[in-house]
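The values are calculated or read from the model by the stated rules, or taken from the named source; none is laboratory data. Please read these numbers as outputs of a predicted model, since none were measured by experiment. Neighbour counts run over all protein chains shown; Cβ positions are idealised from the backbone, glycine included.
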Amino acid sequence: MAKPPEPAGGSDRPEFGTYAAERSPRLLRTAFLLCRDWGTAEDLVQTALTKAWLAWSRVGDDPDPYVYRILVNTHRSWWRRRWRGEVPTGDLPDLPLPEGAGVEDRDVLWKALGGLGRRERAAIVLRYFCDLEHAVIARILGCSTVTVRSQISRALAKLRVDPELAAAVPAASSFQEQGV
């Protein structure tokens with residue numbers, strides 16, 4: 001009896017399991033920042049890792065940019081198909097806060113990020129949360145580094161003029177006064 005063929009990508013790169021186990025929490029947080037829903041974020045990460053596993057032999061030595069690009073592109077395609085009639089609830093899940101952060105600060109930042117466009121939010125999340133370079137973000141988003149820099153610049157400009165955010169983060173207003 002013949003042995004069934006191995007799925008593409010899984011047999012020649014056994015380190016995929018290790019990668020997925022180590023990176024899943026960070027991918028989940030990134031997906032949550034993109035879509036703002038834990039359930040959707042979990043589905044997004046699962047789909048992105050499935051797509052990455054299927055193409056694992058082509059990923060190369062640094063899989064992060066490839067997987068982040070899958071994550072962002074999958075989110076983008078889901079966003080286009082999403083039904084717009086759904087009304088989100090006002091009840092937020094009870095999440096632990098970082099040391100010294102208040103619920104009000106988190107809510108203000110959350111609303112400010114929500115006011116950004118999808119591509120601006122993706123650029124901000126990938127740059128400041130994932131700590132990726134502009135060139136890597138450009139590959140992930142499928143645009144030039146100049147576009148990435150302008151999206152980040154526009155997003156930061158919007159965040160700087162947000163009055164609620166400026167009131168919640170005193171350091172932001174001191175940077176504004178210094179022209180930063």
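Couple of notes before you dig in:
- Residue within the stretch 3-13 that is at pLDDT below 90 and under 22 Å from Arg121 (Cα atoms) present: no
- No other residue among Asp131, Asp94 is assigned to a loop (DSSP other than H, G, I, E, B), modelled with pLDDT under 85 and closer than 18 Å to Arg29 by Cβ apart from Asp94.
- Among the residues of the stretch 14-25, the ones that are surrounded by 14 or more Cβ atoms within 10 Å (Cβ to Cβ) and either modelled with pLDDT of 90 or more or touching a strand residue (DSSP E or B) at 6+ places or on another chain (Cβ under 7 Å) (or both) come to 4 in all.
- Restricted to the stretch 50-69, and to residues there that are of a type outside the set (Lys, Arg) and under 14 Å from the mean Cα position of the chain (by Cα), the residue that is surrounded by the fewest Cβ atoms within 10 Å (Cβ to Cβ) is Asp64.
- Apart from one condition, Thr47 fits all of (1) under 19 Å from Val125 (Cα atoms); (2) at pLDDT 90 or above; the exception is (1).
- Val136 being at pLDDT 90 or above and not assigned by TED's automatic domain parsing to the domain that holds Arg76: yes
- Pairs, first touching a residue at least 40 places away in the same chain (Cβ under 8 Å) in the stretch 121-137, second crowded, with 20+ Cβ neighbours inside 10 Å and of a type in the set (Phe, Trp, Tyr), C-beta under 8 Å, six or more apart: Leu126/Tyr68; Cys130/Tyr68; Leu132/Tyr68; Val136/Tyr68
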